[in-house]
Every structure is written in structure tokens, then in C-alpha cells.
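The values are calculated or read from the model by the stated rules, or taken from the named source; none is laboratory data. The shown structure was predicted, so the numbers you read here are calculated from the model rather than taken from an experiment. No Cβ is skipped: glycine too gets one built from the backbone with ideal geometry, and neighbour counts run over all protein chains shown. These area figures cover heavy atoms from the full protein model, side chains too; ligands, DNA and RNA do not enter into them. Shrake-Rupley method; radii C 1.70, N 1.55, O 1.52, S 1.80 Å.
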Amino acid sequence: MSNEPTVDPKRMEKIVSLCKRRGFIFPSSEIYGGLASAWDYGPLGVELKNRLQRFWWREMTQLHDNIVGLDAAILMHPTVWKASGHVDSFSDTMVEDTVTNERYRWDHLTEEQRETKTSPKGNPLSEPREFNLMFKTHLGPASDSGSTVYLRPETAQGIYVNFKNVVQTSRVKIPFGIAQVGKAFRNEIVTKNFIFRTVEFEQMEMQYFVKPGEDDQWFEFWKAERLKYYDKLGIRRDHLRFEEHGPDELAHYAKAAFDIQYLFPFGWQELEGIHNRTDFDLARHSEFCGKEINYLDEESRERYIPYIVETSAGLTRSVLMVLSDAYEEEEVGENDVRTVLRFHPMIAPVQVGVFPLVKKDGLAEKAREIEQTLREDFSTFYDQSGAIGRRYRRQDEIGTPFCVTIDYETMDQGTVTLRHRDSMEQERIPLGELAQRLREAIKTYRRAET
Ligand code: GAP
């Protein structure tokens, strides 16, 4: 069983292949040879991504009574990106292998490669140069500099520019948060590792506005909360760790920053950033738009620019994380290995598989009827083809946590077989209790230690 915290590139290949084969993720525009670093989410992939997004949204907005939502436009006034610092500082230093023309990020090279100006292939490197990561486009028919707009490189700025709108309309009081999920775009120099780093991706960001002086305490609070979130999602704790940014790694806006890293099959990498952004963003927007952006504490009559603690997770990167975490090859008998995705049932693309043991004697019709009823509350999949064992395995491979089999006893005694993906255990339960049992099992799910 490949469940140890180790780096395993083969595991990555298997995940990519499963994603293609079962309809989770396809290369973008594949019939034209694909587009580097862009991916399309297929029928199962979009379910997984949407459910993961809803899991995050519920956790952040529904379960915290002082966090509200927002959905800002991708295209924003270009001054936003001057104020935010992205026009001046959102760049990576890039070098090129002078023989193969391959590009590398300067900070991804080893110290020796940087000192000797040698590429990983052993060839001389070009002079380092700065490369702004924002995609530019033009608004309207004229392509002059006055019409330049940017595809947003982070969703956060949409929240800052709406700070006053939200305070004036939502009766929120500091400390409070604004959450947003949406697309972001970065013209990354190097994209690799499947959907890990792409030019178009989705972020799930929450900006928490606090009183200056209370920021350190809220920073610690959100670090703890975000770990609890991953625990609830059933992610293996030994595959998660914090990594603090040193003084020379801090983004231009940050006073303190921690990454939550995940042990992907290709090594420890950032999954989410937690940043203390101080009053940088609101102060800068206030300066650039020429209007006061601050907060009046109605009780103390104090007026101040709030500090911001940000939690910024990649949604598409989280899809890769849950796939990596869930993927297992498990020995289940002599020379018998099953591939299983141990998704939390809340995010599984299919939650319940429904099968008639055989098609005849009215079993198929009964199974269809049961599946139609379950559809109201769960995402279901009906399958009547092949041996029952093979049908279970097909569902294991896409992470379906529960399967229900309808047989002759269902017709005679009104009971069904409920099969659990993780333990492969089967139990007989009355049909009338099925929906409630499934609801409970989803709500109380804990991934077993394997
Ligand atoms: N608002 C702060 C911000 O954007 P970031 O550390 O640059 O911070 C936050 O990005 C998260 O967005 C990352 O932890 C990662 O999960 C995701 N992300 C960033 N660039 C990405 C890319 N090119 N492809 C996929 N996900 C990316």
C-alpha cells in the first residue's frame, strides 16, 4: 500500500492517467494538441471541484457567523493593480537555457546553478530578467495603452475595493471576514505537475478585517482554523505542515506569512497561504482613489484602517491535493489490488451507486425507482452492467463512498445491501432507513487510519 509520506512520481502518473480515463480532468483543447498549462474538468472533475468549493464556502460563511460572501468581476479598473503593487512588483526572475531555450524561475534553481549560471541540463544560462506575471488585455476596440486591463492575478483585490460597500450594506462589525471564490490568472514561467501550477486557476480567499494590534492573535486563530478545516475534510495530518516565510520571502504586502504545505507525490509544496497583510491594501487603495477607506467603531467612536488577515487557498490546487490524498492501491486478496479514491463523502462526485443484482424479475425497475428517490438528496449513479464485484470496483476507483444493491430480498422483505467503500463491509438495512443512514454516514464520516 502506497500510503507512507513519501515522494513518488509514479503515483502522480497514475493519478493523471486515472483522471483522464475516468473523466475527471482532460488537457485543454486536446483535439488541437492541447494548450500547455491549461486543463478542462470533465463530468466527475467538475463535480469534485464544485463540491470542494461548496465545502470551503460552507465552512467559511455558514459556520462562521461573521463572514459574508462576495463575487467580484475578474476585470477591474487598471489602477487597482497599481495600488496593489502588482504592476510594479508582481514579477518573477527568469533565465533561459541558452542551448535548449527552456525557461526556469531563478528562485527554483540551486545555489550552485545560480552561482555558476548553469541550467539543470548543464548548459549556460541567459542573464536573469524580470517578468511580470499579469496577463494584459484591452477593453474596447482600441488596443492602446489607455485601454489596458488585466486578468486578475488574485481574487483578493475585489474584496478590498468593496470593503466600504460591504460595511455599509451588511451591518458587519469588526472583526469580520469577506469570502470569495473565483478564477485568477498568472502567466507562470514554468508550469508543471498537472493542475498544480497553471496559468488559469481558481482561488478560495477569505479576508478577515481586524483592529490593528489584534492582528497577531487573529493570525494565530486562522492558522489553527485552517488546519481544522483540512482535518474535517479527512486529509492525512502527516501530509500537512506549516512553513513560515523568511524576511526575504515575504510578499510586498505581508508582515507575516505561513504556507500550509501538502506532501504531493512530487514533494512538499504550498497549498494555501495565510498572510498578515496589515493595513497595506486598504491604505493603498485609499491613497490611489483619493477617498477615505476606514472603519468607525460605533461603540468606542475610534476610526481606523483595519488590518487584514488573509487565508488564500487554491481551489484547483486543492483538487490535486484531495486526489493525491485519496488515491490508494490496496491489496484486498491474493494478487488482487483495488484502486480506491478515499474522498470525504461530502466531496465525492458520486455519493451513492445503485445496482440491481440482476436485471430480470423486476430488480432493475426497483433499483431505478430507488435511485430516482435518492437523487433528491444525493448524487447517484445507476449501473446494471457486469458482475457486481466489478461494479463495486468501478465505483471505488472514482471514490463513491456507498453502494446499494437491490436483490430478491429487497422484493420480498424490503431490505437492501449497503456497501461501504473504505472497509468494503456490507450490511443489510431496511429500505425505509436507507436515506437517513446515508445522511448520517456522510455527516459523521471519519477516514480510517490505513
Ligand atoms: N491573495 C494572496 C495570494 O494570491 P498566493 O500565495 O500567490 O497568494 C494563494 O496564492 C494560493 O493560490 C496558493 O497557495 C495556491 O494554492 C494558489 N495558486 C497560486 N498560483 C497558482 C497557480 N499558478 N496555479 C494554481 N494555483 C495557484
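Using heavy-atom solvent-accessible surface (probe 1.4 Å) with all chains present, what is the largest-first order of H108, H344?
H108, H344
Which whole-number value in Å² is the accessible area per residue of region 231-354, probe 1.4 Å?
In whole numbers, region 231-354 has 39 Å² accessible per residue.
Pull up all non-local amide H partners of I67: gap of 5 or more, or a different chain, and H-to-H distance under 5 Å with H placed in the peptide plane.
G177
Run the helix sum for the chain: -39,500 (n - 2.57) per DSSP H stretch of 4+ residues, divided by residue count, reported at 222 nm to the nearest 500 deg cm²/dmol.
Helix-only estimate at 222 nm: -8500 deg cm²/dmol.
By how many nm would the segment from R105 to F26 grow when fully extended, if each residue of separation counts as 0.36 nm and the alpha-carbon distance is taken off?
Net length gain for the segment: 25.8 nm.
Compute the separation of the alpha-carbon centres of region 34-96 and region 334-356 and state it in Å as a whole number.
29 Å
Using a/c under 1.5 as the rounded threshold, could you call region 366-448 rounded, prolate or oblate? The axes a ≥ b ≥ c are square roots of the C-alpha gyration tensor eigenvalues, and prolate needs a/b larger than b/c, oblate otherwise.
Judged from the Cα gyration tensor, region 366-448 comes out rounded (a/c under 1.5).
Per residue of region 174-189, what does 6.51 cos²θ - 1.76 cosθ + 1.60 with θ = phi - 60° give for ³J(HN,Hα)? Whole Hz please, x for Gly and Pro, Karplus curve as stated.
Using θ = phi - 60°, the values come out as 5, x, 8, x, 10, 10, 8, 10, x, 6, 9, 9, 9, 7, 4, 5 Hz.
In 5 Å bins starting at 0, how do the alpha-carbon pair distances of region 48-183 split up by percent?
With 5 Å bins starting at 0, P(r) equals 2, 9, 13, 12, 12, 12, 13, 11, 8, 5, 3, 1, 0.
For a Förster distance of 30 Å, can you work out the FRET efficiency between the beta-carbons of Q413 and R439, rounded to the nearest 0.05?
My answer for the efficiency is 0.85.
Taking a quarter of the surface of the convex hull around the Cα atoms of region 207-309, what do you get in nm²?
8.6 nm²
Taking all protein chains in place and a 1.4 Å probe, what share, in percent, of the accessible surface of the chain do carbon and sulfur account for?
48 percent
Name the GluC sites (Glu not before Pro) in region 345-450 that are in a loop by DSSP and that have at most 14 other C-beta atoms within 10 Å, would you?
E376, E425, E449
Run through region 366-450 and list the trypsin sites (Lys or Arg not before Pro) located in a DSSP loop whose Cβ has at most 11 other Cβ atoms within 10 Å.
Counting only loop positions with at most 11 other Cβ atoms within 10 Å, the trypsin sites (Lys or Arg not before Pro) in region 366-450 are R446.
May I ask you to evaluate 6.51 cos²θ - 1.76 cosθ + 1.60, the Karplus curve with θ = phi - 60°, for each residue of region 87-95 and list the ³J(HN,Hα) values in order in whole Hz, giving x for glycine and proline?
5, 8, 10, 8, 9, 10, 8, 10, 9
Using modelled amide H (1.01 Å from N, peptide plane; none on Pro or chain starts), what sits under 5 Å from the amide H of E154, excluding residues fewer than 5 places away?
Distant-sequence amide H within range of E154: F185.
Could you rank T116, T417 by how accessible they are, 1.4 Å probe, largest area first?
T116, T417
Quick one: the Cα spread of the chain along its three principal axes, in angstroms, biggest first?
76, 66, 47
For region 176-294, what's the relative contact order in percent, using C-alpha pairs closer than 8 Å and at least 6 residues apart?
Averaging sequence separation for qualifying contacts and normalising by length gives 17 percent for region 176-294.
Note the full-extension length gain between D8 and V190 as 0.36 nm times their separation in residues minus their Cα-Cα distance, in nm to one decimal.
Taking 0.36 nm per residue and subtracting the Cα distance, the gain is 63.4 nm.
Which of the GluC sites (Glu not before Pro) found in region 290-326 are loop residues per DSSP with 11 or fewer other Cβ atoms within 10 Å of their Cβ?
Loop-located and lightly packed - E292, E298, E299, E302.
Below 8 Å between Cα atoms, with a sequence gap of 6+, how large is the relative contact order for the chain in percent?
This gives 14 percent for the chain.
Per-residue accessible area for T118 at 1.4 Å probe radius, Å² rounded to 10?
40 Å²
Where the centroid of each part is defined by its Cα atoms, how far is region 263-279 from region 375-390 in Å?
That distance is 38 Å.
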